[in-house]
Each structure stands twice: as C-alpha cells, then as structure tokens.
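Visitor: Handing you a structure now.
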Amino acid sequence: MLEGAQQQTHPVDGVDACDVACQLSVAHIDLTAEMRGGPRQMLALVRALAREPVCDGLVQTVVVRRGTAVAEAAARLDDVAIVATSNSALAAARAARHADIVHVHSDSGVAAGALLSHRGIPFVVTRRSAIVPKVNFATRWSFSRASRVVGVSDRVSAVMKAYLSHQSVSTIPDCVSTSTSQRRGECPNRYFVVGCIGTIHFATKGQDLLVDVARRLLGSCPQVELVITGDGPDAGRLQALCAGLPNVRLNGWQDDLAELYEEMDVLVQPSRFEALGSTILDAMSSARPVIASDVGGIPEIVQNEVNGLLVPTESAEEIAAAISRLAHDDALLRRLGASAARTSSRFGVKRMAEDYWSTYLNVLAGEQAKRLSF
C-alpha cells in the first residue's frame, strides 16, 4: 500500500450515491478506554469529515465509554453529538440506533454493530490489529454481520479475509494524526534522542527489548538517550527493568506528542505485532527516520534503507546496531528523514476521510439496491 495508499470503491448499478448522501447520519462507536492510536485516528476522521465539502449534510454522533480518556478527548470535538455510555454492546447500540450507518472503530464495539444490523442499520468496522480475532462463535458472527471490514494495512486485510472468507474487506491506511513540525530541538551538548511512543505492552509493542538495547549502547554510544513514552499494563515492569540505566528516560503518557517528535532524532518501534503503526506515520511527518520491526503492516510504510531501517523481530542486537549507525552518520539520518517526510505526505487525513466517505456511500447504496431487488 506504500505507493498510492487508496481504497478502491465501486458504484452500485442503478443507485445514485448522491441520493444516498443527502442528509446522512453516521454514528462512530469506540469503547476503548485509553487514548491510543485507534481513538486518535477515530477523532481525526470525525474532524476531517466535518470539514470536507463533499460531506455536506453529514450529521455525526460519537459513542464512547463513560469516564474514559477517550470520552474526555471526544468531548472537545465541535459540532458533533457525543454520547457517553457504559461498556455494554446493548447500551452502545441503543445510543447509535438512529444513525443511517454505523462505523465501529474497535473490536469492543463490533457486538453493538451486529445488534444494529438486525435493525437494518449497516455497519462498517475498522480493524487495527494483525492478530486474528477470537474464533468463538459470538465474535465471528458479530464480524460477519458487518457490511464492510476495513483493515488499516494490507496485512490486516489479509488476516480478516482469511477469518471471514465471504466478507467484503478493503484497506484504508491510517493517517498522520498529530500536527508535527520538522524542526529539531536545539540544545547545547544535546543527546541523540531515540524515542519510542505507545502503549507499554511487551507482548505486542516489545518495549522490554529496549532494556537490552540500552545496555548495549552504554559503552558504544554514550550520546544516545532512549526516551520511552506511554502507559499500559507493563509500565511498572518496564520501570523496574530500567532502574539504574542512565541512558533511559521514562515519560509516562504525554498529551503533547508533537513536542516529543520535535525532541527526538529517531523513532524506534520494536513491535512483536503491529497492524500499521500510526506513531510511525507521525514520526515520518516530522522528517524523523524510523527503526522498526519487519512485522505486520510496518513494511507497507517503512522501506529499508529508503525512509527508515527494518530489523528482525526480537533482535535487540540489530536495533542497537541500527541506532548506532544513525547516531554516527548524520548524512544518512537526514536522507532517511527527508524520504520519510515524503512518504507521510501520502497518508493525509483528507485522503482517509474521502476513502471512508466513499465507503459509507457504497455500503448504503448496496443496501438500497438490495431492498429494491425484492
């Protein structure tokens, strides 16, 4: 998907999509608690759809889980109805029952979408994980009720096509979701800053590998500082593992990600599983090269030796070598960074909004065609 990351849409014969679009209401459901990449993408999409002239007449509702960081962030949206509800599928479905189409943004909301489909309301689900969903009947049935499943990378789409062999599956990549600058921090005698941003979850994000990386770099690259930003289930374990390492700084979670990208020289993404990596796109938009695991959807945006460096999964040695290489080669650092910025320009929020808008219209036109055929 690196070259021209576009979703292909096809009009339905005999149905005018413009007729479908007049005064269209969309309900977005995201029951995630933490402000991770997925909710950031959802909020970016809602804002972009509200701005798009082609979406004139669009009415949006955002259904979120009460008392969460996502609900707090959603409350800052303008001209959008926000419904804070419990974590139950029934409550979320009730909140979205007046929509023409529902867009589910996380696995936790798929059951709500399935319930709404029984009321004749079609739903689209975006999948942001390259891990196969649960294989129990309820989960598979809920996904099977979706009118369209959207993967954020070709890798995710392939997983979902195998999981739902008869289902309509397409790819719409995530967008650059943070307003960033290509300016670099100016500090006397500053460190070479290697940033890592994301949920602290060793099984998927692999931050535990960075502890070994830090030890390897202590002697060979004393100018390197690893700055790990995020919160999550393994945050306490990471803090304990990093105790006594002078070249590691743990930030906890930060709201101002733009400032973090400005501070860093390189982003490292040591993931064991990764659908695409929205933090990678944000770093690229800041002209920062990325060192990332060759896993999941990452190779669809990171090209080795072109806009970043790909390393084998589970290899602290390779990560450390890649960091050392960039820390000692400013020309390579800047060449990869400039190429990264060019790559990110193909992942704008406007492109993502247009692709989802086309998806909504095609799904609704398809539903209308089904009704007319009876």
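Bear in mind these aren't lab numbers, they're just calculated from the coordinates by the rules spelled out. Everything numeric in this text was worked out from a predicted model, so none of it was measured. Heads up, the Cβs are rebuilt from the backbone with ideal geometry, glycines too, and the neighbour counts pull from every protein chain shown.
Visitor: In whole Å, what three semi-axes, largest first, describe the equivalent ellipsoid of the range 192-344 built from its Cα gyration tensor (square root of 5 times each eigenvalue)? Numbers along the way, then the final one.
Guide: On the way: eigenvalues 87, 58, 44 Å².
Semi-axis lengths for the range 192-344 are 21, 17, 15 Å.
Visitor: Right, another one. At a 10 Å Cβ-Cβ cut-off, how would you order Lys205, Lys161, Lys370, fewest neighbours first?
Guide: Working: Lys205 25, Lys161 16, Lys370 12.
Arranged by neighbour count, lowest to highest, Lys205, Lys161, Lys370 become Lys370, Lys161, Lys205.
Visitor: Give the calculated FRET efficiency between Gln254 and Ile82 to the nearest 0.05, with a Förster radius of 22 Å applied to their Cβ-Cβ distance.
Guide: Computed FRET efficiency for Gln254 and Ile82: 0.40.
Visitor: So, by mean Cβ neighbours within 10 angstrom, what's the order for 347-360, 321-334, 130-143 with the highest one leading?
Guide: Working: 347-360: 20.6, 321-334: 16.2, 130-143: 14.5.
Result, highest mean first: 347-360, 321-334, 130-143.
Visitor: So, one more: Would you mind checking Lys161/Lys370; Lys161/Lys205; Lys134/Lys205; Lys134/Lys370 for any pair whose Cα atoms are more than 26 angstrom apart? Write down the numbers at each step before the final one.
Guide: Working: Lys161/Lys370 23 Å; Lys161/Lys205 24 Å; Lys134/Lys205 20 Å; Lys134/Lys370 30 Å.
Over 26 Å Cα-Cα: Lys134/Lys370.
Visitor: So, in Å, what gap is there between the alpha-carbon centers of the range 33-78 and the range 298-350?
Guide: 30 Å
Visitor: Arranged from highest to lowest average of other beta-carbon atoms within 10 Å per residue, in what order do the peptides 228-237, 215-224 appear?
Guide: Details: 228-237: 17.5, 215-224: 15.8.
The densest-packed peptide leads the list: 228-237, 215-224.
Visitor: Counting each DSSP H run of 4 or more residues in the chain as -39500 (n - 2.57), what helix-only mean residue ellipticity at 222 nm follows after dividing by all residues, to the nearest 500 deg cm²/dmol?
Guide: Calculated mean residue ellipticity at 222 nm is -12000 deg cm²/dmol.
Visitor: Now for a separate question. Please list, ordered by chain and number, the residues whose modelled amide H lies under 5 Å from the amide H of Ile82; skip anything fewer than 5 residues away on the same chain.
Guide: For Ile82, whose amide H was placed from the backbone, the distant partners under 5 Å are Val62.
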